[in-house]
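For reference, the structure is listed below as structure tokens.
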Amino acid sequence: MSGKLYIMRHGRTDWNDRHKLQGQTETELNEAGRKMAAGAAEEYKDVHFDIAFCSPLKRAVETAQLLLEGRDIPIIYDERLKEVSFGIYEGIENSFDIPDCPVNRFFFEPEKYTEAPEGAENIDELMARTGEFLKEKVEPELNAGRDVLIVGHGAMNSAIITQVKNRDKSEFWKDGIENCKLMRLK
């Protein structure tokens, strides 16, 4: 019997509100983000999870803790679930307003984002680390019939979805990842 797989993106942060590229920069949930996570805890209280895997970045950690508060569900942190790195472009506000900003290709033509700017990850590197995580951590849990939750980030979650649904990288952003909305993948 196969378990179920769910994924969720962290709650809102000030950087989300300001349209800043967060990447692997440590940011915390803002008050709206905390309310979203607490609201998600209530909305999804009857959804069964055996185990949760989570990005170690603060905004994901706090979301997972608020979501699962009072439930006896282990939260396991894994570096491979961090958001994609935008390198020297982390913290840039409104990148879409900057002509020729190289990270914008990731959002508009993800399949062609193979040469990332200084310090950043390209799409293949993101797919490789999330794919390794799925194979090593998630598949054994699902095969054992356990229900798994992954709490992460927009791009990282999109990499997971793309692989689980066996999609081409050109469809990387197809589902859109709303903050604190639970998505069942399997």
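Read the figures in this text as sums done on the coordinates, not as results from a lab. Remember, it's a predicted structure, so these values are computed and weren't measured experimentally. No Cβ is skipped: glycine too gets one built from the backbone with ideal geometry, and neighbour counts run over all protein chains shown.
When we screen VAL103, VAL84, VAL61 for residues that are aliphatic (A, V, I, L, M), farther than 21 Å from GLN163 by Cα and in contact with a His (Cβ under 9 Å, 6 or more places away or on another chain), the only hit is VAL61.
Matching residues to (1) farther than 27 Å from ALA40 by Cβ; (2) hydrophobic (A, V, I, L, M, F, W, C):
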position: ASP100; (1), (2): yes, no
position: VAL103; (1), (2): yes, yes
position: GLU125; (1), (2): yes, no
position: ILE161; (1), (2): no, yes
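Taking the stretch 70-100 as the range and being closer than 25 Å to PRO140 by Cα and out of contact with any Ser or Thr (no Cβ under 6 Å at 6 or more places or on another chain) as the test, the residues that pass are ARG71, ASP72, ILE73, PRO74, ILE75, ILE76, TYR77, ASP78, GLU79, ARG80, GLU83, VAL84.
The criterion of at least 3 residues that are buried (at least 19 other Cβ atoms within 10 Å of the Cβ) is met by the following strands (runs of 3 or more DSSP E) wholly inside the stretch 1-105: 5-9, 51-54. Scanning the stretch 145-186 for residues that are assigned to a loop (DSSP other than H, G, I, E, B) and among the β-branched types (Val, Ile, Thr) gives a single hit, ILE177.
The residue list LEU134, LEU142 contains one member that is farther than 27 Å from GLU28 by Cβ, in contact with a helix residue (DSSP H, G or I) (Cβ under 7 Å, 6 or more places away or on another chain) and not in a loop (DSSP other than H, G, I, E, B), which is LEU134.
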